[in-house]
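Visitor: Mind having a look at this structure? Questions to follow.
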Protein chains: 2
Amino acid sequence: MSKKTSKDETNATAKAHARVRGPEPLTKRLDGIPDFFYALKASTPDGDSSLAAERAKASFDVHAMTKVLFGEQLMGVFTDTLSVIEADPVFNKENRYYMGRSDRFLNRLAMDSRFAQLARELKWNDAQRTVANLLIDEPGSFSLHTGMFMPCLNSQGTDEQRKYWLGLAHNYRIIGCYAQTELGHGSNVQGLETTATYIPEKEQFEIHSPTLTSAKWWVGGLGKTATHAVVMARLITKGKDMGPHPFIVPIRSLEDHKPFKGIMVGDVGPKMGFNCVDNGFILFNKYHIPRDHMLMRFSKVDKEGNYHAPPVQRISYGTMIFVRAYLVASSALALARGATVAVRYSAVRRQFTDPEASKEDPVFQHFTPAPQQNPKLKCETAVIDYSLQQFRLFPIIAQSYALHFSGFWMLRIYVKMMKNINDGNLDLLPEVHAASSGLKSLTTTIAAAGIEEARRSCGGHGYSLFSGLPDFLNTFLPLVTLEGDNHLLTQQTARYLLKQVRKYAQDPSSIPKSEGSTTKYLGDPLLPHWAAVKTEKDFHKPAALLEAYAHRSKRLVVDLATKMAKGQIWNDSLIEMYAISKAHCQYILLKNFIHAAYDEKRLAKQPEVGAALVKLCILFGLSTMQSELSEFVEDGFVSATQIAWLRAQIKVSLAAVRPDAVALVDSWAIPDYVLNSALGRYDGKVYESMFEMALKEPLNVNARTRGDVVEGYEEYLRPLIRRGLSDSTSEKAKL
Amino acid sequence: MSKKTSKDETNATAKAHARVRGPEPLTKRLDGIPDFFYALKASTPDGDSSLAAERAKASFDVHAMTKVLFGEQLMGVFTDTLSVIEADPVFNKENRYYMGRSDRFLNRLAMDSRFAQLARELKWNDAQRTVANLLIDEPGSFSLHTGMFMPCLNSQGTDEQRKYWLGLAHNYRIIGCYAQTELGHGSNVQGLETTATYIPEKEQFEIHSPTLTSAKWWVGGLGKTATHAVVMARLITKGKDMGPHPFIVPIRSLEDHKPFKGIMVGDVGPKMGFNCVDNGFILFNKYHIPRDHMLMRFSKVDKEGNYHAPPVQRISYGTMIFVRAYLVASSALALARGATVAVRYSAVRRQFTDPEASKEDPVFQHFTPAPQQNPKLKCETAVIDYSLQQFRLFPIIAQSYALHFSGFWMLRIYVKMMKNINDGNLDLLPEVHAASSGLKSLTTTIAAAGIEEARRSCGGHGYSLFSGLPDFLNTFLPLVTLEGDNHLLTQQTARYLLKQVRKYAQDPSSIPKSEGSTTKYLGDPLLPHWAAVKTEKDFHKPAALLEAYAHRSKRLVVDLATKMAKGQIWNDSLIEMYAISKAHCQYILLKNFIHAAYDEKRLAKQPEVGAALVKLCILFGLSTMQSELSEFVEDGFVSATQIAWLRAQIKVSLAAVRPDAVALVDSWAIPDYVLNSALGRYDGKVYESMFEMALKEPLNVNARTRGDVVEGYEEYLRPLIRRGLSDSTSEKAKL
């Protein structure tokens, strides 16, 4: 690889790649470990040589691929921020996997505090803050302070409110959270129970929790940290319920952090993931706040208690769409991380010997056992060379790229839409909202499934926290429920698609002309069969694949529209809506991937990068089609012969991607500092790293201070083992 | 329901059901909680009334269903054992979700010790021990002592060895574990590196770990607890490597529990699940044991070091098949538990208002809000009434029953096979081995997916450990990798099926005649289309469904056999093998379910139970077919019209199961003590229970001792909030 990378040594991408590798394991001796241990080596072939051989196989330069993925500028931010974070002892991750909840919370609080200090001192902008948070890779109690509390003040507060509260919040004089969800209500905001009743004689609102189920619940940062909350409560004035509105509510004293009287606040308890965050609950017992604590940018209550609705019902989808676009991009990175660990470890891990599977493996072909090894043991096959392992993992690599290109597409289209909206043009909103809902649902579902599949593909060691996958999956998983439940959300997308297909049928002139439209295909005629695929090779033509995706999605939308026109009710249509949203978004994913793989401008000087992307894009198209095959087949669009070809061509496609597998995950440039994984390390020193981490397990460290005898022995084990025996009984020590 | 159950009051099933309900939440006051909290009620409709309405809808008597599932005898054991375990403070589960790893390990050790005492005092038999372990519901350090160490001594030891070692082990004078897996080798036993070299002049074996990767790893109970291990090591005598053999190796002194010199032993660190177990590693540095510590029932090494192979190569599949059968039955129970939580909570949880969805809900129809509630808030629809929720959850109920009937079938056929083997008849072995491999793979995969889907269907609260699902899923998940990786295992099944289909083609007289055969269908002719389904109603005929499953499985086997006959190599066939094994085992699941649902003997007096089972069986057949639809469709066997009918009939089938949903999960009689779930409680007091559990979170308990101020405030929060402000600064307390 050196010849390929030399020209890049000075650029930001090269600098980023130079920081990817973490420290060598087992270099520092620990107390209480016998000398013979440090003389042991892993058996050969070792991880380093297996990964080196993989990297030599790649058809493209990983630095060039990284540039295509992120661009030089972002890689510069990445490298600079990594230098700061990785060097700071507060952000050391060495003990993360051993900490119980209370320690982990406290440890994260220390990070929050340090982060605030660094951000101030180094004047971090939004990009730097985002990257720093990605590197720290653990949600924190202050996440909602910057992620929800401040944006909410900004968008819902009057100019005066913004000036006052944002000033305090920006400097962490107050720490805020956002309290919407209740114990009994999540998705249905209109069903919230908490009330804010206006009392004109006092010019105050009385915040009250009428029932147990009205407790605010799950609020990040509220449990132990926040001093203030934006509380969504039903505004009641002059006896009328005006529905949920936002209020700034002081929670804890700025003098001593004690909760105020009339408030009962606490942590909601342990969770899958997010255990470093104090997601909290709060109950209000007729708790009073001044009138000016209602956020009144839009709706207002005057001194007398008169309610003033906003002049125009403002559509505030903007933030929501941005968050969803960000989640799509995050899903790509998350999946890339799962793939990085599993693919590297699959190249290092060897199990059984299959010479046919290993015929392209130079390490296998030139194997001689090391002196300490049993000469009877043959070289084993790297598990990445088993076809079933490829079938499990390579589509995940392809998905990570697909999600990435659609994530960046969403961020671009979001910017365009916001610009249009500022110019008074709302045309793009419904389409982008529909895409963002369905894509959030689909991509977080794909990523959660892919990370878990990657973890399982690591065999037994995938269960160890040291693999880096269980803890990370737990942190990712809530995204399938947060910010719109992945099942509920599909109704948003389906509703829009149904509307479009009806409109296009009634008025063909309304069919979009632009190639950039995500719904233009809904205006195409339905084809009787897949004429574009006449031979097996046609499966490698992106346009042919995209045609099939468009056909399937349109057919499903038309079928449901027809059923509903005949009277099928909404509740009986939810299963089909879920299918439609998925089909549409898989079409978008493939479309954007094709667009990126054939991006002549970016890829002109990098034909190998383009070629590798095309191969991956085809694999994405084929493997996704296979996983949803019945929907392509059931109307006769795809024939029995074409199905047989498809199954064969997936194997061809896996073989085409095989030499690039490790390079494709390397291209994400996820540093060992983030992976925090014994299995996924850049250098392949899997087994050394597993051991180093195990030696630091507190059960071991603690026992080593007691002559290597576990706490609890005297109480629970000794009475059992030595029952009826006096201590002087002369049993054989060993038996 | 009282009229239905009165006649059963005195039998074991009724007694079991009477013990299902746990203690009422929020009945004991805690320190530091304000009075107003205890006056709050959950909003109506509350969980109790929703579940009562569900239970009134059921078409069958749950006690009768429980009897069909387990029989009276097993329910008797269950009730007796539950009385002992639930009453014993050592087995209290109240703090389980709050404990960090070290505490949880220690707590489990106390249980292990108490369990040993109880088992001895109460003279528990195997069934009682098994039930007690299911109730304790947490793997322990002694699990491998009784689960692997003792069975291994029993099957591999000479009579003399068995007498000596089993006597000690039975009385917990020694505590054993089973050390096979190494850091670098799991599935491939022949690749193990640890050696046991015979030294004739000392009459000893030298156990040695030549490399870092040869460390034994993952061994349950080894890390901190065991005194002895059965170690699988390559026997080397007279310079010849005879491959892996079992040796009893003393690990820790029986005097003081210290590890012996020449051994490095410890815990492998934190994991997903199993954190109460000290899965351990061990390295041997030329560690000597006497010759008689080799387990010599079959292979022997004499004083001079001559190796004596066993007279007949004994097939020792017995234990393995039993373990797999047990895992199939366990998967059923696990899935039933996931379904119990999700179905009950879906009946309690209400979100949005859809009168059409709620038209069969008497609670919705007769709703009046409680006095403390906002009269503006309408009654919401129970989420179980949304069709998408039914589509997610009801197939899981059906799967739990399908797995159960096949699990019990496997246990019966195992007993029959072992009886045959003892009579010298090995005929059943290959078929049962093939079924056990594929079913272990399929059922643990189904259960893991189903539990996670059940968890996600609970929305946000599904992430709380209090839901009872995250911790439980983590304990279950390793089963997809343990005892044969679920992907690898399918090769065993596929190999057998390929062999049968070739044999039947060559020699039709070899086609099994018995209806009990799992492979008779491989001898049937391949049909061109699904003639058995002529109208939509035919989808509710079990025989028609089973025909389709048989056809699809046979076609896949024949296709692969044909490809391999034309030269497709083994490694290129693994994807198809996975599909074949799954198809065959889905056929077995459906076949056994049908058999159970039409079991005239057991169901004669219980026609409603039979009718409910038939409905559920059809749902299992339809929903499984839909999830694998392309394999049924792609050769034209199922037509486009039939597919459209299938999708419609799934909705019909979901509606048919709907009234029985809660009763079907109640029938498993899983006690609240085991569920340990706020969401899945029998009494539906979901929100009260969530609160009670949250109040006990150590972060809250700890803060309450400090005026409700979190530890870490002085260090991390105060400096930030009050930066530059003196303590006497007269800021407004609230701002």
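The values are calculated or read from the model by the stated rules, or taken from the named source; none is laboratory data. Note that this is a predicted model, so its numbers are computed, not measured. All Cβ positions, even for glycine, are placed from backbone atoms using ideal geometry, and neighbour counts span all protein chains on display. The area values use the complete protein model at the heavy-atom level, side chains included, leaving out ligands, DNA and RNA. Shrake-Rupley method; radii C 1.70, N 1.55, O 1.52, S 1.80 Å.
Visitor: Apply the membrane-span-like helix rule to chain A: whole DSSP H runs, Cα extent along the own long axis of at least 20 Å, mean Kyte-Doolittle hydropathy at least -0.5. List the helices found.
Guide: Going by DSSP H runs, the hits are A:62-87, A:318-348, A:387-422, A:429-456, A:542-565, A:574-597, A:607-627, A:640-657.
Visitor: Between the range A:625-648 and the range B:155-232, how many Å separate their Cα centres?
Guide: Centre-to-centre (Cα) distance: 51 Å.
Visitor: Using a 7 Å offset from Cα along the direction of the beta-carbon, what are the separations from A:P151 to the same position in each other copy, nm, ascending?
Guide: Copy-to-copy label distances for A:P151: 5.3 nm.
Visitor: Further, regarding this structure: How high is the FRET efficiency between A:H288 and B:K541 when r is their beta carbon distance and R₀ equals 56 Å, given to the nearest 0.05?
Guide: The calculated FRET efficiency here is 0.25.
Visitor: What nm value, rounded to one decimal, do you get for the distance between B:V90 and A:S510 when each label is placed 7 Å out toward the C-beta?
Guide: With each label placed 7 Å out from Cα toward Cβ, I get 7.3 nm.
Visitor: So what's the net charge close to A:P355: Lys and Arg +1, Asp and Glu -1, counting the other residues with Cβ under 12 Å from its Cβ?
Guide: -4
Visitor: Give the nm distances, rounded to one decimal, from A:D256 to the matching residue in every other copy, measuring between label points 7 Å along Cα toward the beta carbon; shortest first.
Guide: For A:D256, the other copies' label points sit at 5.1 nm, shortest first.
Visitor: So how far apart, in nm, are the two label points at A:E715 and A:K202 if each is 7 Å from Cα heading toward Cβ?
Guide: Distance between the two pseudo-spin positions: 5.0 nm.
Visitor: Going by accessible area, probe 1.4 Å, with all protein chains left in place, what is the ranking of A:D80, A:D635, largest first?
Guide: Ranking A:D80, A:D635 by accessible area, largest first, yields A:D80, A:D635.
Visitor: Note down the relative contact order for chain A as a percent, whole number, built from C-alpha pairs under 8 angstrom at least six residues apart.
Guide: Value for chain A: 17 percent.
Visitor: B:W409 accessible area, nearest 10 Å², 1.4 Å probe?
Guide: 40
Visitor: So what is the relative contact order of the range B:150-314, in percent, for Cα pairs below 8 Å that sit 6 or more residues apart?
Guide: That works out to 25 percent.
Visitor: Under the rule a/c < 1.5 gives rounded, and otherwise a/b versus b/c splits prolate from oblate, where does chain A land using the Cα gyration tensor?
Guide: oblate
Visitor: Related question: Does the protein assembly as shown come out rounded, prolate or oblate by the C-alpha gyration tensor, with a ≥ b ≥ c the root eigenvalues, rounded set by a/c under 1.5 and, if not, prolate when a/b is larger than b/c and oblate if not?
Guide: Rounded.
Visitor: Could I have the simple spin-label model distance between A:K240 and B:A565, label points 7 Å from Cα toward Cβ, reported in nm to one decimal?
Guide: Going from the A:K240 label point to the B:A565 one covers 8.2 nm.
Visitor: Related question: Past 25 Å, Cα to Cα, is the threshold; run A:K123/A:K419; B:K216/B:K286; A:K216/B:K41 against it and keep the listed order.
Guide: Beyond 25 Å between Cα atoms: A:K123/A:K419.
Visitor: Set the Förster distance to 45 Å, then compute FRET efficiency between A:Y164 and B:E453 from the Cβ-Cβ distance, nearest 0.05.
Guide: Given R0 = 45 Å and the Cβ-Cβ separation, E is 0.45.
Visitor: Still on this structure, I have one more. If r is the Cβ-Cβ distance from A:V189 to B:D103 and R0 is 35 Å, what FRET efficiency results, to the nearest 0.05?
Guide: 0.35
Visitor: What percent antiparallel are the DSSP beta bridges of the protein assembly as shown, to the nearest 5?
Guide: 80
Visitor: Same structure, new question: Return the percentage of antiparallel bridges among DSSP beta bridges fully within the range A:150-314, rounded to the nearest 5 %.
Guide: 80
Visitor: Additional query: If you draw the axis that swings chain A onto chain B, which residue of A has its Cβ closest to it, and how far is that in whole Å?
Guide: With distances in whole Å, chain A gives A:G100, 1.
Visitor: Sticking with this one: Whole-Hz Karplus ³J(HN,Hα) for the range B:514-522, in order, using 6.51 cos²θ - 1.76 cosθ + 1.60 and θ = phi - 60°, x for Gly and Pro?
Guide: 6, 5, x, 5, 8, 10, 3, 4, 5
Visitor: On to the next question. Under the rule a/c < 1.5 gives rounded, and otherwise a/b versus b/c splits prolate from oblate, where does the range B:450-595 land using the Cα gyration tensor?
Guide: In terms of gyration-tensor shape, oblate.
Visitor: While we're here: Looking at the range B:131-217, which trypsin sites (Lys or Arg not before Pro) are DSSP coil and have at most 11 other C-beta atoms within 10 Å of their C-beta?
Guide: In loop regions of the range B:131-217 (DSSP not H, G, I, E or B), the sparsely surrounded trypsin sites (Lys or Arg not before Pro) are B:K202.
Visitor: So, one more: Compare the peptides A:318-325, B:662-669 by average per-residue count of other Cβ atoms within 10 angstrom and give them in order, highest first.
Guide: Result, highest mean Cβ count within 10 Å first: B:662-669, A:318-325.
Visitor: Defining the label point at 7 Å along Cα→Cβ, can you sort the distances from B:E203 to the same site in each other copy, shortest first, in nm?
Guide: Between copies, matching label points for B:E203 lie 10.1 nm apart.
Visitor: Also: What residues in the range A:455-471 lose 50 Å² or more of accessible surface when the other protein chains are added to their chain alone (1.4 Å probe)?
Guide: Residues shielded by partner chains are A:R456, A:H461, A:Y463.
Visitor: Okay, moving on. Would you mind calculating the gained length between A:D126 and A:N425 on full extension (0.36 nm times residue separation, minus the Cα-Cα distance), in nm to one decimal?
Guide: Using 0.36 nm per residue and subtracting the Cα-Cα distance, I get 104.9 nm.
Visitor: At the nearest 100 Å², what buried accessible area, both sides summed, do you get for A and B when the probe is 1.4 Å?
Guide: So the total buried area for this chain pair works out to about 14700 Å².
Visitor: Turning to a different aspect of this structure: Once every DSSP H run of n ≥ 4 in chain A is given -39500 (n - 2.57) and the sum is divided by its residues, what mean residue ellipticity at 222 nm do you get, rounded to the nearest 500 deg cm²/dmol?
Guide: Taking each H run of at least 4 residues, the total per residue is -15000 deg cm²/dmol.
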